[in-house]
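Trainee: Dumping the structure here so I can ask a few things about it.
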Amino acid sequence: IDEKFDAIVVGAGMAGNAAALTMAKNGMKVLQLERGEYSGSKNVQGAILYADMLEKLIPDFREDAPLERNLVEQRFWMMDDHSHTGLHYRSDDFNEERPNRYTIIRAQFDKWFSQKVREAGATVLCETTVTELVRDTSGGVVGVRTDRRDGEIHADVVVLAEGVNGLLGARAGLRERPNPAHVALAVKEMHFLPRETIEARFNLKGDEGAVIEAAGTITRGMTGMAFVYTNKECISLGIGCLIADFESAAETPYGLLERFKRHTSVAPLIEGSEVKEYSAHLIPEGGYKAIPQLYGKGWVVVGDAAQFNNAIHREGSNLAMTSGRIAAEAILKLRSQKRPMTAENLALYRRMLNESFVMKDLKKYKDMPALMHTQSQNFFLTYPQLFSKAMQGFLRIDGTPKVEKEKLALKSFVTARSRRGLFSDAFRFVRAWR
Ligand code: FAD
């Protein structure tokens with residue numbers, strides 16, 4: 001390609017599509033490059049779509065987007081090996097005209113999203129891997145090299161939306177490779193069942209959906225979570241833990257998933273299903289403190305590549321879409337003011353992000369990833385076991401006076417963690433949550 005573009009977007013996931021769409025529909029000449037066979041072919045997500053962030057990009061998306069179920073129920077489970085303690089929230093308020101959260105299947109959804117990017121006027125080239133950034137003598141980014149013949153292409157600005165690995169940016173020295181304590185490895189399966197079976201098992205009507213997020217002994221003391229999401233005719237089910245924890249444990253992601261599926265609370269939900277897909281992917285979980293440099297001369301980084309993921313609330317794609325849109329809006333603003341894409345000017349992107357929920361939420365939980373990682377044995381093993389034992393004591397009616405039961409429950413917590421340990425865990429948790 002000989003021509004020069006206003007912007008090149010590397011990657012056609014949620015962040016890249018949001019950026020490319022926003023710039024193209026506002027008249028910029030945009031080239032988007034994706035290494036996969038099509039947008040979505042490399043993407044793995046549970047997956048919950050947060051409507052508000054997509055509505056800001058495509059207001060009428062509900063008309064033709066491939067949406068699975070409208071979420072009316074959320075369950076949080078704290079699990080030990082034989083039981084779970086649950087907090088369920090279900091509300092008919094979620095059965096609204098413009099539902100707030102949906103389940104989606106990323107491969108289908110990203111294809112649809114990519115079509116919108118094309119319709120907005122961007123040139124989208126799939127099966128094209130960006131191998132290198134082209135730099136000028138001052139180190140500024142002026143384009144990209146791809147694995148295609150004569151594959152050097154120039155642009156005023158390059159939007160790095162290459163996902164969690166961020167190999168391209170790391171290779172160019174724009175940031176470090178993600179630290180293993182900041183990245184989770186998740187595995188996922190799709191279990192197919194007739195839709196009536198899914199609806200009966202999860203107490204759903206029509207296109208209503210439910211999700212389960214679970215933590216506890218299922219990750220064997222490692223920092224991680226599992227999930228079960230209902231789609232129309234299949235259930236997405238997966239589990240993920242920090243890579244640093246896998247490195248020092250004798251567990252494999254697949255082993256954890258098998259055990260999760262066999263758990264007495266999970267097995268009946270997927271009984272008789274046909275597994276048609278198995279996939280593995282990384283999730284950035286380092287939070288605010290792991291965010292790399294976000295801009296420089298001729299480049300910005302968005303989405304998972306910038307570690308924009310809220311592990312506490314299990315949100316990623318909404319942060320990706322929002323950061324992609326905000327980066328595009330910052331670029332559009334600079335263009336309208338005829339200001340060049342220098343590092344100083346592109347700092348506008350960071351300032352705009354700071355004002356958004358993306359940075360505000362990540363900042364709120366800035367100490368949580370380190371706390372969860374360093375205290376994983378307590379939070380993901382000891383407490384779930386103690387909690388389950390206490391619930392069992394509370395619910396089992398065996399003639400033991402309640403006062404004695406309470407004393408026994410308290411004693412088991414103190415024996416396992418000591419009064420000082422309990423106080424310190426509670427204090428650090430509350431402080432990290434604030
Ligand atoms: P990606 O979606 O990963 O897209 C990056 C794209 O760049 C890919 O298509 C890739 O092929 C392409 N690419 C990479 N390198 C190159 C290159 N050199 N040249 C060309 N193309 C390249 N988030 C939620 O909001 N809700 C959920 O329920 C949820 N569940 C999840 C479950 C799992 C198992 C996982 C792994 C993630 C989940 N997430 C969820 C997180 C969410 O998927 C990510 O936050 C989101 O996909 C990030 O979007 P992105 O565009 O930054 O990256």
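What follows is calculated from the coordinates using simple rules that are stated; it is not laboratory data. Predicted model only: the values in this text are computed from it and were never measured. A quick note on method: Cβ atoms are made from the backbone with ideal geometry, for glycine too, and the neighbour counts reach across all protein chains shown.
Trainee: Looking at Gly298, Ala122, Ala426, which one has the Cα that reaches farthest to the positive end of the dipole of the chain (charges on Cβ: Lys, Arg +1; Asp, Glu -1)?
Mentor: Going by the charge dipole, the pick is Ala426.
Trainee: Next question, about the same structure. Would you list, by chain and number, the lysines whose Cα falls below 17 Å from the Cα of Lys405, excluding same-chain residues fewer than 8 positions away?
Mentor: Cross-link targets: Lys389.
Trainee: I would also like to ask the following. Using the reciprocal of the averaged 1/r over all distinct C-alpha pairs, how large is the Kirkwood radius of segment 2-139 in Å?
Mentor: Here the Kirkwood hydrodynamic radius works out to 17.1 Å.
Trainee: If you line up the long axis of helix 343-354 against the longest principal axis of the chain, both from Cα atoms, how many degrees apart are they, to the nearest 10?
Mentor: Between helix and principal axis, roughly 30 degrees.
Trainee: Rounded to the nearest 0.05, what FRET efficiency is calculated for Asn100 and Glu196 with R0 set to 30 Å and r the Cβ-Cβ distance?
Mentor: 0.75
Trainee: Could you go through segment 14-22 in sequence order and give the Karplus-derived ³J(HN,Hα) for each residue, using 6.51 cos²θ - 1.76 cosθ + 1.60 with θ = phi - 60°, rounded to whole Hz, and x for Gly and Pro?
Mentor: 4, 5, x, 5, 4, 5, 5, 4, 4
Trainee: So what is the 222 nm mean residue ellipticity for the chain from helices alone, if each DSSP H run of at least 4 adds -39500 (n - 2.57) and you divide by all residues, rounding to the nearest 500 deg cm²/dmol?
Mentor: It comes out at -11000 deg cm²/dmol, rounded to the nearest 500.
Trainee: Could you list the trypsin sites (Lys or Arg not before Pro) in segment 249-334 that lie in coil according to DSSP, counting only those with at most 16 other Cβ atoms within 10 Å of their Cβ?
Mentor: Answer in residue order: Arg314.
Trainee: Another question, if that's okay. Using modelled backbone amide H atoms (1.01 Å from N, in-plane), which distant-in-sequence or interchain residues come within less than 5 Å of Leu204's amide H?
Mentor: none
Trainee: Follow-up. Roughly how big is the chain's charge dipole about its Cα centre, with Cβ charges of +1 (Lys, Arg) and -1 (Asp, Glu), in debye to the nearest 20?
Mentor: 1560
Trainee: Could you state the number of Å between the C-alpha centres of segment 135-210 and segment 21-95?
Mentor: Centre-to-centre (Cα) distance: 14 Å.
Trainee: Apply the Karplus parameterisation 6.51 cos²θ - 1.76 cosθ + 1.60, with θ equal to phi minus 60°, to every residue of segment 213-219 and state each ³J(HN,Hα) to the nearest whole Hz, in sequence, with x for glycine and proline.
Mentor: Per-residue couplings from phi come out as 10, 9, 9, x, 5, 4, 9 Hz.
Trainee: For segment 19-165, calculate the relative contact order in percent as a whole number, restricting contacts to Cα pairs under 8 Å that are 6 or more residues apart.
Mentor: This gives 30 percent for segment 19-165.
Trainee: Moving to a separate point now. Please report the projected area of segment 180-307's Cα convex hull averaged over all directions, in nm².
Mentor: So the mean shadow area of the Cα hull is 9.8 nm².
Trainee: Under a plain spin-label model, where a point goes 7 Å from the Cα along Cα-to-Cβ, how far apart in nm are Phe423 and Glu3?
Mentor: 7.0
Trainee: Mean shadow of the chain, computed from the convex hull of its alpha carbons, in nm²?
Mentor: 23.0
Trainee: Express in nm, to one decimal, how much length is gained between Glu132 and Asp398 on full extension, taking 0.36 nm for each residue of separation and deducting their alpha carbon distance.
Mentor: Difference between extended and current length: 88.9 nm.
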